[in-house]
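J.: Following this message is one structure expressed as structure tokens.
The values are calculated or read from the model by the stated rules, or taken from the named source; none is laboratory data. Only a predicted model underlies this, so the values are computations on that prediction, with no experimental measurement involved. Every residue, glycine as well, gets a Cβ built from its backbone with ideal geometry; the counts of neighbours run over all protein chains shown. In case anyone asks, the SASA skips ligands and DNA or RNA and just uses the protein heavy atoms, side chains included. Shrake-Rupley method; radii C 1.70, N 1.55, O 1.52, S 1.80 Å.
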Amino acid sequence: MEHKTGGVFKNRNLIVDLLAICFGIGTWLGVNGTFIQLPLLVNEAPEGWSLPSYLSVMVQIGNLGPLLYTVYQKYSPWKLNDGFTIHAVLAIGTMSCLLTAFFYNRTASLAGNEHSVALFILTIFTALNACTSSVLFMPYMGRFKEQYIVTYFIGEGLSGLLPSVTALVQGIGDTGRCVLVNETESGEAIYQKITEPPLFDTRVFFLILFGLMVLSYIGYTLLNHLSLAKSEYAQVTVSKGNKYEYGQDDNQPQLQQLTRGQYIGLLLLIGTISLFSNGMFPSIQSYSSAPYGTRAYHLSATLSVIANPVACFMAMFLYFTSLRIIYVLSTLAALLTSYVFITAILSPYSPLYDHTAGAVLVVAAWTLLVGIVSYTKLGITTVMRAQGGQSLVWVGAITQLGSAIGAISIFFAINYTRFFQAAESEC
């Protein structure tokens, strides 16, 4: 297995690349958009800044989708048609974004406390689309030539970047300004933080996401039916249960087969990476970066979602399938993960919290961490695709299992322990 560069536009159809990107956008768009909208949602939600941990659990309930799909495909004599199933899953995700726009702020009483019940339920259905994409969308892309996995992952990365850019235009990143409102009898100044209202509200934001989901649905429909797209299939035989057997194609790089130990090791590795990146990072990012100021928090959140598609785009030019590179990148990710966890646990008095250097470090750490994790996951997926069989289904299933364990663990750590303390933003 080796590292390769060059020939990025050779043996590929750019229209199919574009359709694969549109298809990938429809994976985590709704979930990412919900988390990016948190600075506005927490102001209305009765849960306050505990809302991210609640939403992380709702996302993991969406794992019932891939679980039921996998069990049905394995044990039922009647197999689901992937094409029709993807249509249904994308339709659920699209309608969830539309309904969230109108019902996100509806609350109800549960166990004597007010909760954002409508947002919770709609997040579950939005997550159903996102989580099922791991065991359905990604294996579907396995029938295309290997290079289109990369552009699909670029689309998946854009499912985080596009909502982030929309939020920046909306004005969520406004850190506000402190205005003198009064003075005490002793002459001490009293300041109040004033934040400009967003350019448009949360309803418009989710309607924009709805439009992007419609675009993704159209992209998949064309990808699934156009003869132009079907001409880019790999030499592969797909049997029931998403079992892939690849033939020899002189235009495709040939990868060595993994040993049983390497195969299991890569599955455990991507499960562990997903436990942190999908399950824990969304919940701890505010605790990690908020002590350094509102600007640092928004920069870390924005740049980290930009890092995802940028890393996948780099993979088009810096293609690698080396296990050694995967292990080195995983070690770097582990070191950065340790740092962001330290800053989160020590909040609100994180290391260098009152220095500019601390803010720079935490923003850089989050950006590099998400970029390295995205690049590593793509490398593992590429290697596993070449193994054939149900490898991509296993990658998707282990990814979601790790994500679920991580989200549930961090939910209890945030809400039922004193490990994480929120930093208050003051003048």
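J.: Among 195-201, 34-40, 156-162, what's the highest-first ranking by average C-beta atoms within 10 angstrom per residue?
T.: Details: 195-201: 12.4, 34-40: 22.7, 156-162: 25.9.
Per-residue Cβ counts within 10 Å, averaged per peptide and sorted highest first, yield 156-162, 34-40, 195-201.
J.: If you average the C-alpha positions of the range 74-126 and of the range 254-320 separately, how far apart do those two centres end up, in angstrom?
T.: After rounding, the separation between the Cα centres reads 25 Å.
J.: Would you calculate a helix-derived [θ] at 222 nm for the chain, using -39,500 (n - 2.57) for each DSSP H run of n ≥ 4 and dividing by the full residue count, to the nearest 500? Intermediate values should be presented prior to the final figure.
T.: Details: 17 runs with 275 residues, N = 427.
Only helices count here, giving -21500 deg cm²/dmol.
J.: Ok, one more. The list (1) 22.4; (2) 21.2; (3) 26.8 gives values of Kirkwood radius over Cα pairs in Å, and only one came from this structure; which label was calculated from it?
T.: Structure-derived value, by its label: (1).
J.: Compute, for the chain, the length of the dipole vector about the Cα centre, with Cβ point charges of +1 (Lys, Arg) and -1 (Asp, Glu) only. Units Debye, rounded to 20.
T.: Charge dipole, the chain, about its Cα centre: 1560 debye, nearest 20.
J.: Output ³J(HN,Hα) for the range 327-333: one whole-Hz value per residue in order, computed from phi by the Karplus curve 6.51 cos²θ - 1.76 cosθ + 1.60 with θ = phi - 60°, and x for Gly and Pro.
T.: With the stated coefficients, the range 327-333 comes to 5, 5, 5, 5, 5, 4, 4 Hz.
J.: Classify the range 250-426: rounded, prolate or oblate, from the alpha-carbon gyration tensor (a ≥ b ≥ c, eigenvalue square roots; a/c under 1.5 rounded; otherwise prolate if a/b is larger than b/c)? Walk me through the numbers before you get to the answer.
T.: Numbers: a/c = 2.84, a/b = 1.82, b/c = 1.56.
Here the range 250-426 falls in the prolate category.
J.: Something else now. Scan around residue 421 for amide H atoms under 5 Å from its own, H built in the peptide plane at 1.01 Å from N, and keep only partners 5 or more places away or cross-chain.
T.: For residue 421, whose amide H was placed from the backbone, the distant partners under 5 Å are 347.
J.: Quick check: the distance between the Cα centres of the range 25-50 and the range 361-427, to the nearest angstrom?
T.: Each part reduced to its Cα centre gives a spacing of 17 Å.
J.: Next question, about the same structure. For the range 279-294, take each phi angle, set θ = phi - 60°, evaluate the Karplus expression 6.51 cos²θ - 1.76 cosθ + 1.60, and give the result in whole Hz per residue in order, putting x for glycine and proline.
T.: Taking θ as phi minus 60°, the curve returns x, 10, 4, x, 7, 9, 4, 5, 5, 6, 9, 4, x, 8, x, 4 Hz for the range 279-294.
J.: Gaussian network model of the chain, Cα springs within a sub-10 Å range: biggest mean-square fluctuation belongs to which of 182, 415, 224?
T.: Highest fluctuation among the options: 182.
J.: Lys pairs in the chain, Cα-Cα under 13 Å, at least 8 apart or on separate chains: how many? Please list the in-between numbers first.
T.: On the way: 10/145; 74/240; 74/243; 79/240; 79/243; 145/230.
Qualifying lysine pairs in the chain: 6.
J.: Still on this structure: Could you list which residues have their amide H under 5 Å from that of residue 144, counting only those 5 or more apart in sequence or on another chain, with H placed in the peptide plane?
T.: 234
J.: Here's a follow-up. Under the 0.36 nm per residue contour assumption, what length would be gained going from the current alpha-carbon distance of residue 327 and residue 313 to full extension? Can you show the working numbers first?
T.: Working: separation 14, 0.36 × 14 = 5.04 nm, distance 2.06 nm.
Here the segment from residue 327 to residue 313 would lengthen by 3.0 nm.
J.: May I pose another question? Mind checking the angle between helix 117-135 and the chain's longest principal axis? C-alpha axes, 0 to 90 degrees, to the nearest 10.
T.: Approximately 30 degrees, to the nearest 10.
J.: Among 391, 103, 213, which residue has its Cα positioned farthest towards the positive end of the charge dipole of the chain, with +1 placed on the Cβ of Lys and Arg, -1 on the Cβ of Asp and Glu, and the dipole taken about the Cα centre?
T.: Checking the options against the dipole of the chain, the answer is 391.
J.: Could you size up the charge dipole of the range 250-426 around its Cα centre, putting +1 on the beta carbon of Lys and Arg and -1 on that of Asp and Glu, and report it in debye to the nearest 20? Before the final figure, lay out the partial values.
T.: Details: 6 positive and 4 negative charges, 82 e Å.
Result for the range 250-426 is approximately 400 debye, rounded to the nearest 20.
J.: From the protein chains alone at 1.4 Å, what is the descending order of accessible area for 74, 377, largest first? Could the numbers behind the result be given before it?
T.: On the way: 74 140, 377 35 Å².
Putting 74, 377 in descending order of accessible area: 74, 377.
J.: Also, quick follow-up: Leaving ligands, DNA and RNA out of it, rank 336, 352, 41 by accessible area with a 1.4 Å probe, largest first.
T.: Working: 336 35, 352 80, 41 5 Å².
Descending order: 352, 336, 41.
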